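Enquirer: This is the structure, below, for whatever I ask next.
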Amino acid sequence: MRLLALAVSVSLVTLATACGANGQDETVRPVGDPVESRRANGANQQPAFAGQTRAPGVRTEAALAHTVVAAGLEHPWGLALLPDGRWLVTERPGRLRIISAGGAVGEPISGLPAVDARGQGGLLDVVIGPTFARDRLIYWSYAEARAGGNATSVARGRLSDDGTQVEAVQVIFRALPVYDGDKHFGSSLAFDGAGHLFITLGERSDRPMRPQAQDLGSHMGKVIRINADGTVPADNPFAGRAGALPEIWSLGHRNIQGVAVAPDGAVWTIEHGTRGGDELNRPEAGKNYGWPVIAYGVEYSGGTINEGITAREGMEQPVYYWDPVIAPGGMTFYDGAMFPGWRGNLLVAGLKEKHIARLVLDGDRVVGEERLLTGLGERIRDVAVAADGAVWAITDEADGKLVRLAAAN
């Protein structure tokens, strides 16, 4: 497929009434009705607390424009900003490229291990290491073929000075058990301020695998926390417990494809539900987030999920959920100068509903929601913020795009 470098402004939209929270310098003023008005699939389910779903709709006063910077990418999945303003972009079939802010698309970077690019598998997320300025280490996750099937793995390597290859590649984490399937690999990556790497994993989707999200002897359906070299932090919640894998941070997740570390150091994740039940969580060490015992929404077939319950003692509630789903991909916290009223907000890529969800937070609660980039009409896979405060996104399409969303001139 021919790769196209583009710099064409394809949309200009003006949105009314500024809003914000968390000490933002725009007025905190929801405009009213939630952005979601469709009937919930779990029609008889009730949220556990006010505002857990369908937060008031909010709108941004600024005029926004989006520009397609590059196209011709094959199902791009992960997006990471290099210090020089260029972007690392993964393509699920197994290619990693550098794309300039002006849209110049580089050739595939050599040296990556083979990926198992079946179904939802392939080359997944990519992040810049916390010591990149010194060692040029980058980290990526991928579906790896193994004896008997496949599973999610994470590797790291040195990005060469000319950006054409990764060197001294090491696989620093391999999820277990191996399973012969093609769904729910996760997998998003984020470093915290202390240099710990958080890895999110799906439970592999199929009914026989679902219970492993509750099994401490399995990595499936877990948030993982390791050191940058793959070793296990001594203060991990299950380190030293018989029968538990020491890398596990939290359990009871379905398919987490987004993770972000907040300015205060808290870890936030977002995961796919079935028909309803996409969840935003703030996973804490050792806690259980319920899947598949409790869940919002219903099965794809329309029936109840297990017992059809949404709460149980000892299991955590999501901070927020969507029903119907938006099918969330990656996410990031906004902290830029271009939109000061968005500072502290979460930006969430929406695949099924083809937008970026801007979530206004007040502490650990969602108090407003806006849908951005709706005019593009493509599945938004990942989202990031550039040094100037513009928002960048990639679209999960056969002709995938790198898009910049910014204040209109």
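The values are calculated or read from the model by the stated rules, or taken from the named source; none is laboratory data. Just so you know, these numbers come straight off a predicted model, no measurement behind them. Because the Cβ atoms are built from the backbone with ideal geometry, glycine has one as well, and the counts that use them run over all protein chains shown. The area values use the complete protein model at the heavy-atom level, side chains included, leaving out ligands, DNA and RNA. Shrake-Rupley method; radii C 1.70, N 1.55, O 1.52, S 1.80 Å.
Enquirer: For 182, 84, what's the largest-to-smallest order of accessible area, 1.4 Å probe?
Expert: Most to least solvent-accessible, the answer reads 84, 182.
Enquirer: Each residue of region 367-380 in turn: what ³J(HN,Hα) in whole Hz from Karplus with 6.51, -1.76, 1.60 and θ = phi - 60°, glycine and Pro shown as x?
Expert: Each residue of region 367-380 in turn: 10, x, 9, 9, 10, 10, 6, 5, x, 6, x, 10, 5, 8 Hz.
Enquirer: At 7 Å along the Cα-to-beta-carbon direction for both residue 206 and residue 135, put a label point, then send me their distance in nm to one decimal.
Expert: Each label point is offset 7 Å from its Cα along the Cβ direction, giving 3.7 nm.
Enquirer: For region 351-357, in order, what is each residue's ³J(HN,Hα) by Karplus, 6.51 cos²θ - 1.76 cosθ + 1.60 with θ = phi - 60°, in whole Hz (x at glycine and Pro)?
Expert: After applying 6.51 cos²θ - 1.76 cosθ + 1.60, I find 7, 5, 8, 6, 7, 9, 8 Hz.
Enquirer: Length gain on complete extension for the stretch residue 335 to residue 107, per 0.36 nm per residue less the alpha carbon to alpha carbon distance?
Expert: Contour length minus Cα-Cα distance gives 79.0 nm.
Enquirer: Which value, to two decimals, describes the C-alpha radius of gyration of region 202-283 once divided by 2.2 N^0.38 Å?
Expert: Region 202-283 yields a ratio of 1.12.
Enquirer: Just to make sure I understand: if all protein chains stay in place, what is the order of 206, 125, 33 by accessible area at 1.4 Å, largest first?
Expert: 33, 206, 125
Enquirer: At a probe size of 1.4 Å, how large is the accessible area of residue 401, to the nearest 10 Å²?
Expert: 30
Enquirer: Further question: In nanometres, what is the gap between the two model label sites at residue 165 and residue 50, each 7 Å from Cα along Cα-to-Cβ?
Expert: Result for the modelled spin labels: 6.2 nm.
Enquirer: Evaluate E = 1/(1 + (r/R0)^6) for residue 176 and residue 388, where r is the Cβ-Cβ distance and R0 equals 51 Å; express this FRET efficiency to the nearest 0.05.
Expert: Between residue 176 and residue 388 the formula returns 0.75.
Enquirer: Which of the lysines could a cross-linker bridge to residue 287, judged by Cα under 19 Å and excluding same-chain residues fewer than eight apart?
Expert: 222
Enquirer: Follow-up question, since we're still on this one. Under 5 Å between amide H atoms, partner at least 5 residues away or on a different chain: which partners does residue 219 have, H built in plane at 1.01 Å?
Expert: Close amide H contacts, sequence-distant or interchain: 176.
Enquirer: If Rh is defined by the Kirkwood formula over all Cα pairs and Rg also comes from Cα, what ratio Rg/Rh do you get for region 54-211?
Expert: Value, to two decimals: 1.01.
Enquirer: Largest first, what is the accessible-area ranking of 216, 82 with a 1.4 Å probe?
Expert: Descending accessible area places them as 216, 82.
Enquirer: In addition: Per 0.36 nm of contour for each residue apart, how much would the distance between residue 299 and residue 242 grow if the chain were fully extended, relative to their Cα-Cα spacing?
Expert: 17.1 nm
Enquirer: With θ set to phi - 60° and the Karplus curve 6.51 cos²θ - 1.76 cosθ + 1.60, what are the ³J(HN,Hα) couplings of region 325-339 in order, to the nearest whole Hz, using x for Gly and Pro?
Expert: Running phi through 6.51 cos²θ - 1.76 cosθ + 1.60 with θ = phi - 60° gives 7, 9, 6, x, x, x, 8, 8, 7, 8, 8, x, 8, 5, 10 Hz.
Enquirer: Expressed in nm to one decimal, what extension gain is obtained for the pair residue 365 and residue 398 from 0.36 nm per residue of sequence separation less their Cα-Cα distance?
Expert: In short, 8.3 nm is gained.
Enquirer: State the label only: which of (1) 0.99; (2) 0.93; (3) 1.06 corresponds to Cα Rg over 2.2 N^0.38 Å computed from the shown model?
Expert: Identified label for the calculated read-out: (2).
Enquirer: Report the longest stretch of the chain that contains none of the chymotrypsin sites (Phe, Trp or Tyr not before Pro) sitting in a DSSP loop with at most 16 other Cβ atoms within 10 Å.
Expert: It works out to 50-299.
Enquirer: Which residues in region 263-277 place their backbone N less than 13 Å from a point set 7 Å from the Cα of residue 194 along the Cα-to-Cβ direction?
Expert: Inside the label zone: 265-267.
Enquirer: On a straight-distance basis, which lysines could pair with residue 354 in a cross-link, Cα separation under 23 angstrom, same-chain partners fewer than 8 positions away excluded?
Expert: Result set, ordered by chain and number: 183, 401.
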